[in-house]
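These notes are about the structure you will find just below.
The values are calculated or read from the model by the stated rules, or taken from the named source; none is laboratory data. The model shown is predicted, which means the values in this text are computed figures rather than measured ones. Backbone-built Cβ (ideal geometry, glycine too); neighbour counts: all protein chains shown. Please note that ligands, DNA and RNA were not included when accessible areas were found on the heavy atoms of the full protein model with its side chains. Shrake-Rupley method; radii C 1.70, N 1.55, O 1.52, S 1.80 Å.
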Amino acid sequence: MTNPSPTLPLSHSPTLRLGTLYALGLGPGDPELITLKALRILRRAPTLLVPVRRATDPGYAWRIAEPHLEPGAQRVLRLPFPQGMGDPELDEQWERHCAPILEALAAGDAAFLTEGDPLLYSTFIQVAARLRGLAPGLAIEVVPGVSSITAAAAVAGQPLVARGGRLAVLPAVYSPDDLRRTLRDFETVVLLKVNRVLDRIVPLLEELGLADSALLVERVGRPEQRLVRGLRAFAGPVDYFSLIIVSRPEAK
Ligand SMILES: C[S@@+](CC[C@H](N)C(=O)[O-])C[C@H]1O[C@@H](n2cnc3c(N)ncnc32)[C@H](O)[C@@H]1O
């Protein structure tokens, strides 16, 4: 089924002024790992745009933001973005959300909440690209956040890379050959979105002799945070908010 294009009278009205769209990086989950700048904008933006995975899900970024907000003081617009990157339906979903976002911006500033950093594998990237196409003059300001990657290294007390070491970051859309090559070529490899491919990653780490030095961090910064050191025979299950850091033992 194809969805109708979003109705966008806004994009045809060059005289209509839009507010600024802020992309707020809220950090990985610990409410204290929000920058002062993100906190100031979070509390002041008239509209908060909250990506959620399901209609019933409060949203990971929302959970980080909520303790800092006065209930009911701001308009909260929840935008469902189901998992499934590259899926054409997801493209349509992104486009559908542009109309309400532009409507919110016609009334003033709006802040799009992101967990971690907004420019690192965030839904915001696709939304911003579409919004720029529809409203080319739109002012977008990105407030960087503490990424889950650096937060995970911190809780593990483990350097990501040092001296001339090279770091690779891969989401779970690689072939086993890509992963094998990357694990050989880089001193440290961070794997994101591992929950659905753990059964392929662990045997490969075992085969390459990297399972004992790998670590998994789930929901870093949240009360339910979990750290697993050594992934030999590790079978999960793990949450979507989990990543794996693989360091070659000689690189540490
Ligand atoms: C769409 S990416 C977003 C990354 C995020 N923008 C960042 O800067 O951390 C989602 C993936 O990041 C990782 N991730 C995000 N937050 C996490 C957390 N709190 N703990 C562990 N991994 C996390 C997981 O691998 C998850 O599947």
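Exactly one condition in (1) within 16 Å of the ligand (Cβ to nearest atom); (2) modelled with pLDDT of 95 or more is false for A172; which is it?
Here A172 meets the rest and fails (2).
Return the residue satisfying two criteria in turn: it lies in region 152-168 and is outside any loop (DSSP other than H, G, I, E, B) and open to solvent by 50 Å² or more (accessible area, probe 1.4 Å), and of such residues it is farthest from D30 (Cα to Cα).
L167
Can you name the residue in region 197-229 that is surrounded by 19 or more Cβ atoms within 10 Å (Cβ to Cβ) and not hydrophobic (A, V, I, L, M, F, W, C) and is also farthest from the chain's Cα centre (by Cα) among such residues?
Step by step, filter region 197-229, then rank; the result is S213.
So L179 fits all but one of (1) surrounded by 19 or more Cβ atoms within 10 Å (Cβ to Cβ); (2) away from the ligand (no atom under 13 Å from the Cβ); (3) under 30 Å from L33 (Cα atoms); (4) at pLDDT below 95; what number is the exception?
Failed condition: (3).
From the residues in region 20-79 that are buried (at least 23 other Cβ atoms within 10 Å of the Cβ) and on the phi > 0 side of the Ramachandran plot, which one is farthest from the chain's Cα centre (by Cα)?
Checked region 20-79; the qualifying residue farthest from the chain's Cα centre (by Cα) is G29.
Starting from region 126-151, take each residue that is closer than 26 Å to G29 by Cα and list its partners that are open to solvent by 50 Å² or more (accessible area, probe 1.4 Å) and modelled with pLDDT of 95 or more, counting only C-beta distances under 6 angstrom and pairs at least six apart or across chains.
What qualifies is V143/K37; V146/L33; S147/L120.
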